[in-house]
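Quick note: the coordinates plus some simple rules give every number you see, no bench work behind them. Remember, predicted model here, so these are calculated numbers, not experimental data. Cβ placement follows ideal geometry from the backbone for every residue including glycine, while neighbour counts extend to all protein chains displayed.
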Amino acid sequence: MQRLSSLLLCLWLGAFLAIGALVAPAIFDAAETSSQAGLIAGVVFERLNISGICFAAVIICVQRPIVGLATVLLGLVVLLILVSQYVITPKIELLRDLSGGVFRSGSSEYQAFWKWHGISNLLFLVEAIFVTAVLCLKFKENQN
């Protein structure tokens, strides 16, 4: 079961890296408008978030001991995912919808959009760091 959790952590971390560093930038390069790219990226990140919650649940259920630093970190990742998905993303989408997908540079909507987008990016980075930390803990565990 420890191998299953390590495998899931590797897949999850790989998804973070692939989507964050490759897929999202490619979507924005290829889409006709940034609004269209944002919609597509939103779907991709939502699927990553749902997958992450499922991965975390399985990893927590199969790890021994069930309580420990890895569980705390995974719980924090799930919390960050929920905040991102159900608090921050709706704010970003609302701002995008109110602007019609076109922001006037320097407007309050423009500034609010980029503030929430930056917070979302920061949470994504913290989630990836925590998943990496759990993976390192698992590798250390497996060596002992």
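Assorted remarks:
- For region 83-121, the set of residues classified as hydroxyl-bearing (Ser, Thr, Tyr), outside any loop (DSSP other than H, G, I, E, B) and closer than 21 Å to Glu32 by Cα consists of Ser99, Tyr110, listed by residue number.
- Checking Ala30 against (1) within 23 Å of Phe103 (Cβ to Cβ); (2) of a type in the set (Gly, Ala, Ser); (3) surrounded by 13 or more Cβ atoms within 10 Å (Cβ to Cβ), the condition it does not meet: (3)
- Selected residue (only one of Leu122, Leu98 is closer than 21 Å to Pro25 by Cα, without any contact (Cβ under 8 Å) to a residue 12 or more places away in the chain and not polar (S, T, N, Q)): Leu122
- Members of region 22-43 that are of a type outside the set (S, T, N, Q) and closer than 20 Å to Trp114 by Cβ: Ala24, Pro25, Ile27, Phe28, Asp29, Ala31, Ala37, Gly38, Leu39, Ile40, Ala41, Gly42
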